[in-house]
Every structure is written in structure tokens, then in C-alpha cells.
Amino acid sequence: MIENENYELVPVEWSDNEQAWDVRILTGDFLETVVRFGNVAIAKDRLTFNFKVVSSPDSELSENDTNLQDTVGEILENIIENSLKRNEASITEKA
């Protein structure tokens with residue numbers, strides 16, 4: 001996955017949190033689907049996360065779709081990699 005090619009980050013305008021972002025999928029089976037990540041964690045060498053579908057052209061699409069879960073997981077991995085490369089994020093132990 002490549003930022004601004006396969007997906008783009010979209011600021012959440014109504015949020016009190018300046019760091020809130022949605023992700024719009026730009027290619028593939030979920031074109032124009034927008035998701036929002038919730039909790040993200042690394043536990044026992046596994047990345048775990050939750051997300052919700054904010055909007056989609058497919059009114060039947062849900063977070064339970066395993067293909068969507070895979071796609072969103074790939075996007076999240078890319079976001080984390082890019083953030084670490086740009087020194088915009090760090091991985092720390094949970095307090």
C-alpha cells in the first residue's frame with residue numbers, strides 16, 4: 001500500500017482531537033470506502049487494531065468483512081512504517 005496512491009489520510013473536521021484522521025481507500029475492491037481506526041497495539045509480536053467503516057459505496061460493507069480487514073491492516077502497517085521513518089511516531093511499552 002502506498003499513501004496518496006492506494007489510500008489517503010483525511011482530517012476529521014468535527015473532532016475535538018487535532019490528531020483525528022480517517023482513511024479513504026483510493027483503489028481496489030473498497031474504492032471510496034472511508035474507515036477510522038480505534039485502538040492499535042502490538043501484543044506478542046502481533047499487530048492488533050480495531051476500526052469502523054465511516055462510509056462506503058457498498059451499504060452492506062462492515063468491519064466483519066475479512067477482505068476489508070486485510071486491506072485495512074495493510075494500510076495501517078504502511079501508515080506506521082511511514083510514521084516511524086519520518087520520526088512522527090515511536091513504539092513504547094504500555095505504562
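Residue under question is Leu76, and the condition is that it be assigned to a loop (DSSP other than H, G, I, E, B) and either touching a residue at least 60 places away in the same chain (Cβ under 8 Å) or hydrophobic (A, V, I, L, M, F, W, C) (or both); does it hold? Judged against the criteria, Leu76 is not a match.
Of the listed requirements (1) free of Cβ contacts under 8 Å to residues at least 40 places away in the same chain; (2) more than 14 Å from the chain's Cα centre (by Cα), Phe37 misses just one: (2).
Here are Phe37, Phe30, Phe49: which of them is aromatic (Phe, Trp, Tyr) and modelled with pLDDT of 95 or more? Full working, then the answer.
Values: Phe37 fails: modelled with pLDDT of 95 or more; Phe49 fails: modelled with pLDDT of 95 or more.
Testing whether each residue is aromatic (Phe, Trp, Tyr) and modelled with pLDDT of 95 or more leaves just Phe30.
Per the listing Glu8, Glu60, the residue uniquely out of contact with any His (no Cβ under 9 Å at 6 or more places or on another chain) and either exposed (fewer than 10 other Cβ atoms within 10 Å of the Cβ) or not in a strand (DSSP E or B) (or both) is Glu60.
The number of residues in the stretch 63-72 being among the hydroxyl-bearing types (Ser, Thr, Tyr) and crowded, with 17+ Cβ neighbours inside 10 Å comes to 1.
The values are calculated or read from the model by the stated rules, or taken from the named source; none is laboratory data. Remember, it's a predicted structure, so these values are computed and weren't measured experimentally. Here the Cβ is made from the backbone with ideal geometry for all residues, glycine too, and neighbour counts use every protein chain on show.
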